[in-house]
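Student: Take a look at this one; I'll ask things after.
The values are calculated or read from the model by the stated rules, or taken from the named source; none is laboratory data. These numbers were taken from a predicted model, which means no experiment stands behind them. Ideal geometry is used to build each Cβ from the backbone, glycine not excepted, and the neighbour counts take in all protein chains shown.
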Amino acid sequence: MSGPLKTEAIVLRSIRYGEADRILHLYTPHYGRLGAIAHGARRARSRFGARLEPFFSIRAVLHEGRGDLHTVTSVDTVAAHPALRDHAATLDAAARACDAVARLFDSTEPHPEVFRLLANELSLLSSDPAHARPANGLAFRLKLLLAAGILPQLATCAGCGETDHLRGFSAAAGGVVCGACEAAAFPLGEESYAFLVAALGRPLAEVPDASELALRQAERAITDTAEHHAQVRLRPLLRSAPLSESLA
């Protein structure tokens, strides 16, 4: 990329650097994930103001610098999502959404659908704290797996193609498995399976809720898939508890 680069971006992370600068992790629709430095961003009279805080949607002008970091020369706010900072739950949900994008899409390969998905998620979290529930976060991650090309198979058994008695999940096999193929799988209840299907097929604003056990099983399916097929470990959304205890 030569000359100025004009792009929309979402600030995934903003890190203090030196006496007055900020290092930024940005996600863009056409350039993927970019690193940038904003010189003097922390000075009281900085021309950037507060526009480079995490979760801001911006329009930025970047110039290639030395190494992997671009230099921010101009910024305009598209959406600040101020309500995200009014509740600990929405702030945490937004941080985990940005972290999942950063881990699964850590390259300059363009994924406009991921940019739109993240922008939608941040808007939902800002509009209503109810969207900070774990079900929403899991649906967001499932849609990220789809964009990454590693969505688990849900319609039929990943081992033999059976359409009935889908009672387990195996990331190694590639998705849900039937009773005959579940030797290396963990149990996946009917409610968990129904949640995964609904979470994938519905918009983020319409994701159904489910029991804690169902959500924990769904989270394990999503986490195992990301780790097995993308070598990415996602931060947990639900408090950890041995699955066997919940099945007892």
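Student: Considering only residues that are within 15 Å of Val101 (Cβ to Cβ) and either surrounded by fewer than 18 Cβ atoms within 10 Å (Cβ to Cβ) or in contact with a Leu (Cβ under 6 Å, 6 or more places away or on another chain) (or both), which ones fall in the range 33-47?
Tutor: Passing the criteria: Leu34, Gly35.
Student: Any idea which residue in the range 25-76 is nearest to the chain's Cα centre (by Cα), counting only those that are of a type in the set (A, V, I, L, M) and within 18 Å of Pro110 (Cα to Cα)?
Tutor: Top of the filtered list is Leu26.
Student: Of all the helices (runs of 4 or more DSSP H) wholly in the range 134-247, which have at least 1 residues that are within 22 Å of Asp99 (Cα to Cα)?
Tutor: Filter on the range 134-247 gives 134-148, 190-201, 212-230.
Student: Within the range 147-176, count every residue that is closer than 15 Å to Leu200 by Cβ and in contact with a His (Cβ under 7 Å, 6 or more places away or on another chain).
Tutor: Within the range 147-176, residues that are closer than 15 Å to Leu200 by Cβ and in contact with a His (Cβ under 7 Å, 6 or more places away or on another chain) number 2.
Student: Further question on the same structure: Tell me yes or no: at least one residue of the range 79-86 is of a type in the set (A, V, I, L, M), surrounded by fewer than 16 Cβ atoms within 10 Å (Cβ to Cβ) and within 21 Å of the chain's Cα centre (by Cα).
Tutor: Yes, the conditions are met somewhere in the range 79-86.
Student: While we're on this one: Check Arg141, Arg116 and return the single one that is among the basic types (Lys, Arg), over 18 Å from His25 (Cα atoms) and not assigned by TED's automatic domain parsing to the domain that holds Leu26.
Tutor: Matching residue, one of Arg141, Arg116: Arg141.
Student: Would you please name the residue that is surrounded by the fewest Cβ atoms within 10 Å (Cβ to Cβ), looking only at residues in the range 157-186 that are of a type outside the set (A, V, I, L, M), within 29 Å of Leu117 (Cα to Cα) and under 26 Å from the mean Cα position of the chain (by Cα)?
Tutor: Result: Gly174.
Student: Is it true that Thr225 is buried (at least 18 other Cβ atoms within 10 Å of the Cβ) and either under 29 Å from Glu109 (Cβ atoms) or more than 23 Å from the chain's Cα centre (by Cα) (or both)?
Tutor: Answer is yes for this residue.
Student: Further question: Buried (at least 18 other Cβ atoms within 10 Å of the Cβ) and at positive phi, is that true of Phe55?
Tutor: Against the criterion (buried (at least 18 other Cβ atoms within 10 Å of the Cβ) and at positive phi), Phe55 qualifies.
Student: Continuing with this model, one more query. Residues Leu122, Leu142: which one is more than 24 Å from Ala214 (Cα to Cα) and either within 12 Å of the chain's Cα centre (by Cα) or surrounded by fewer than 19 Cβ atoms within 10 Å (Cβ to Cβ) (or both)?
Tutor: When all the criteria are applied, what remains is Leu122.
Student: Can you spot a residue in the range 99-106 that is over 9 Å from the mean Cα position of the chain (by Cα), among the acidic types (Asp, Glu) and surrounded by fewer than 22 Cβ atoms within 10 Å (Cβ to Cβ)?
Tutor: Yes; the residues of the range 99-106 include at least one that is over 9 Å from the mean Cα position of the chain (by Cα), among the acidic types (Asp, Glu) and surrounded by fewer than 22 Cβ atoms within 10 Å (Cβ to Cβ).
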